[in-house]
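Have a look at the structure below before the remarks.
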Amino acid sequence: MPIVGTLQSRETGTGALNRIGPMLSLQEIHKRFGARVLLSGLDLDVADGELIAIVGESGAGKSTLLNLIAGLDSVDAGRIVLAGQDLGELDDEQRTRLRRSHIGFVFQAFHVLPHLTVAQNVLLPLVLLGVQAEQPDVAAARVAAMLAAVDLGHRAQAATSELSGGELQRVALARALVHKPRLVLADEPTGNLDPDSARAALDLLAAAARREGAAGIIVTHSPPAAAACDRTLRLAHGRLLDSRLVAS
Ligand SMILES: Nc1ncnc2c1ncn2[C@@H]1O[C@H](COP(=O)(O)OP(=O)(O)O)[C@@H](O)[C@H]1O
Ligand SMILES: [Mg+2]
């Protein structure tokens, strides 16, 4: 199945994959670095369109968890099933393709590429998916729409070295959503934003989830950010617990 077809089918809302079960399912995940046990028997199900906030102390393993879901790191034990596909049964290339087509990742450190302009950074996922090569007009329209959505239309041709931290974060957000991923992973996406920009960024994430049926997992320390999500889970002692049941 061509990846471009996946993107088109999302446009029409028909859905290329017939899935049974949740969008994302984590089952009995274990992960340690040396003697440091980070995740131990962690379970999580995320439905289409569901927005989840994950909170937890620094060093609890939140970024590690997002990396595992994105297939950027591998579990020691347990299963991660994304869009019906068990990451552990895929080879590196298949995992990379699944990540590119299904996941949008807002990294904690942005990972905006300094030698590309703002627009080129946002276009990147569509280049990797072949959309730019096969449907350049579609790609250009998506980039323009995303830049407008994060209020960076006037900075499209700017070098990213000219941007403020808040602007870089918005570039990262636009890039994570430009290909209409089924799952958005955001690692403290409002950490560098003023309250208004933070609200706009959250609205954008929520809109992606609610309007386009994407699921989202947002790691955050911000109470307003967590409040904008459907549920808040606390990562502690290697597991995710309903934050309402846990004293912080
Ligand atoms: N690749 C790695 N190798 C060794 N230790 C790591 C690695 N990645 C993260 N860690 C350690 O795991 C712990 C949790 O890191 P992280 O997932 O970044 O936590 P959080 O995002 O919750 O602050 C930290 O102590 C960190 O130093
Ligand atoms: Mg982190």
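Could you tell me which residue of the stretch 61-84 is farthest from ligand 1 (Cβ to nearest atom), considering only residues that are touching a Lys or Arg at 6+ places or on another chain (Cβ under 9 Å) and in a strand (DSSP E or B)?
Ranking the candidates gives L82 first.
Examine the stretch 163-173 for a residue that is within 16 Å of ligand 2 (Cβ to nearest atom) and exposed (fewer than 14 other Cβ atoms within 10 Å of the Cβ), and state whether such a residue exists.
Within the stretch 163-173, not a single residue is within 16 Å of ligand 2 (Cβ to nearest atom) and exposed (fewer than 14 other Cβ atoms within 10 Å of the Cβ).
Any idea how many residues of the stretch 25-83 are within 13 Å of ligand 2 (Cβ to nearest atom) and among the β-branched types (V, I, T)?
Adding up the residues that qualify gives 3.
None of the figures in this text is laboratory data; all of them are computed from the coordinates on show. The structure displayed is predicted, hence computed values, not measured ones. Positions of Cβ are backbone-derived with ideal geometry, glycine not excepted, and every protein chain shown enters the neighbour counts.
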